[in-house]
Structure formats: structure tokens, C-alpha cells
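Q: Sharing a structure here in C-alpha cells format.
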Amino acid sequence: MHSRTQTHKRHLTGQLQKHLLLPLILSGLAGINTRAAELKPETVAAFEHYIAITEARMDDDVRRDQFLVIDRLPDPARKEAYDQLQMGQIYIEESHTQEGNHSIHIPNGLVHHWTGVIFIPNSTLSETLAVMNDYENEPNIYKPEIRKAKLIEQNGKESKIYLQFYSKSIVTVVLNAYFDIVETQIGSTRVQSASRSTRIVEVLNPGAPDEHERTDGNDHGYMWRLCSYWRIEEKDGGVYLENESITLTRTVPTLLAWLINPLTKSIPRDVLHDMLTDTQKAVVKAKTTSKEHSLSRGSPAMRHSF
């Protein structure tokens, strides 16, 4: 019974995948309001400005040696956060980028900005990166929320990937998303990966022989843009894994704000929790599988000792 309850809860709140922090938060609107939502140039411009200011802050964080979000906390709170992570808890906070102590207005759009950190004990930077960079394995790690994944192109630390996102609530929503990813090594123990969407489009007739991307312009605004930043740091006998994701969606209709607005607080926290947990499990599983494979083969000394 407990297992069924957990599975049901996961279905309701766990629309997750590695690059999508707030996946299809408004997907339920499709069953209530089927009007197309136009992505306007001023919305795109404001979101790109939001991203530019956010990425400038990230650069400042590195210069100030505040690599993880918890490093920006006051001393007592920072120590408590690290202690909780070491005990297996996950740190999550809603983020808001400001400019000159003022909020950045996104006309006709809604930004969902969340950050979370998890600790993976007894793991290394290279082991974690091996899992994070295995893009085509993401449907196995994050199913059913990721249905397809493909590495399109790779040039050194720069990659282009394709993911197909899946969500089912009131209606089934499938999106094809394309990303540019840049990975940056920071010293010997830190890596940052920035993933920026270049194209996101709804999929019609998913799973059918005539499955195809929508071209009629009737986009519903489930997700217009997504930028996701991973930070990985090896220390304290393991790896700290952080995700900061920023999603642009359509705005919430005024008559539905009372219903939807609370979900924009509760759902992403659950989504991020599950996403980080699944990533942690994937790293641990890969490490265990590698160790078992090595033991089954045995070292030359072991093979010749009997």
C-alpha cells in the first residue's frame, strides 16, 4: 500500500527530468483553456535579460569562491546546510534574480527559478560527470518523463542534444526540446555545465506513426524557454551536485491564479527533489555496476592466486 501511495504521489508531483526543473507546470490549463499563447518578442527579450543578469551573478559567485548556492548563506546557516546535506537531506530554495534590488519584469511570461543541492557520498567528480554526460541514457534514468534523448553533436566541451519530454495530467503533453550545452572545468574539483534551449516545440500525435512537431503556430505556452545549470564539486568525501533551472512559460489566467499559483511553489520543490534523487541513484548505480564488473573479472593477481 505504501508503495502504491508513493507511486501515485510521484505521478502527481514528479514530472521530472534532468534539464527540466518545472516541467509543464501549466499543463493542466490545456484542459481548461485551449487558446494558443503567443510568445512575443518583448517576452523573449526580457527573459534573455533575466538570464544575462543571472549568469553574471554566477560568474561573480565563482570569483568570490561561492560555488554552491549554500556558500552564499551566512556562516551559521551555511554550516547547518552542509551538515544536513551530509546527513542525506536535500537543500532547495526558490530563486529570484534582481537588478538593482528590483524584480525583472517579464511581460506576458512567467519565470520559474529554483535551485537545489544534494550530496553523493563516496563518489568522485569523474564518476558523476560520466553519468551526467551520458545523455542518451536519460530515458532510463528519468522515465517516463524523458521519452527520447540523443546527442546530436559534440565538439570538446560543447554539445548539442535533443530530448523529448512527456507529461500527463489532465491532458498528455509531449515536447521536443533542443539544447546547447557548455561544460566548464573550474580548478581540479569543480565543473559547471550550462544548458540553454535553442528550440522547444509541441509534438502532435505522440507515439503514432504520424507523430510530428507542431507547425501551425498554436503553441500553448507550456514551456517556451529553459536554461539549466549544473554545478558539481568534489569534497568532504563525496560530490555536491547542484541544479539551478530557469523556465519560461505562459502567464497564468487571472481566473485560475488562485489554483495555479500555489502549485508554482509546491510542485517544483517536489520535482527538484526527485530529479536530484534520481541523479544521485544513477551515479551510485553506475559506481556499483563498475565495481561489480571489476570484481567479476578480477585483477591479474587474483586470477592467478588460486
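The values are calculated or read from the model by the stated rules, or taken from the named source; none is laboratory data. Computed from a predicted model, the values in this text were never measured in an experiment. Reconstructed Cβ throughout: ideal geometry from the backbone, glycine too, with neighbour counts over all protein chains shown. Heavy atoms of the whole protein, side chains included, go into the accessibility calculation; ligands, DNA and RNA do not. Shrake-Rupley method; radii C 1.70, N 1.55, O 1.52, S 1.80 Å.
Q: Which net charge results for the neighbourhood of Lys157, defined as the other residues with beta-carbon distances under 12 angstrom from its beta-carbon, given Lys and Arg at +1 and Asp and Glu at -1?
A: -3
Q: What pairs from Lys143/Lys235; Lys168/Lys287; Lys40/Lys143; Lys168/Lys285; Lys148/Lys281; Lys143/Lys285 go past 25 Å between their alpha carbons?
A: Lys143/Lys235; Lys168/Lys287; Lys40/Lys143; Lys168/Lys285
Q: For Tyr162 and Asp216 in the same chain, what is the full-extension length gain: residue separation times 0.36 nm, less their Cα-Cα distance, in nm?
A: Gain on extension, Tyr162 to Asp216, equals 17.3 nm.
Q: Can you compute the modelled spin-label distance between Arg57 and Thr184, with each label point 7 Å from Cα toward Cβ, in nm?
A: Calculated label separation equals 1.6 nm.
Q: Now for a separate question. Grab the Cα-Cα distance for Ser126 and Glu48, subtract it from 0.36 nm times how many residues apart they are, and report the gain in nm with one decimal.
A: Length difference between fully extended and current span is 24.9 nm.
Q: Here's something else I'd like to know. Quick check on packing: order 176-187, 205-216, 115-126 by the mean number of other C-beta atoms within 10 Å, highest mean leading.
A: 115-126, 176-187, 205-216
Q: Using a 1.4 Å probe over the heavy atoms of the protein chains, calculate the carbon and sulfur portion of the accessible area of the stretch 55-118 as a whole percent.
A: Solvent-exposed carbon and sulfur of the stretch 55-118 make up 45 percent of the total.
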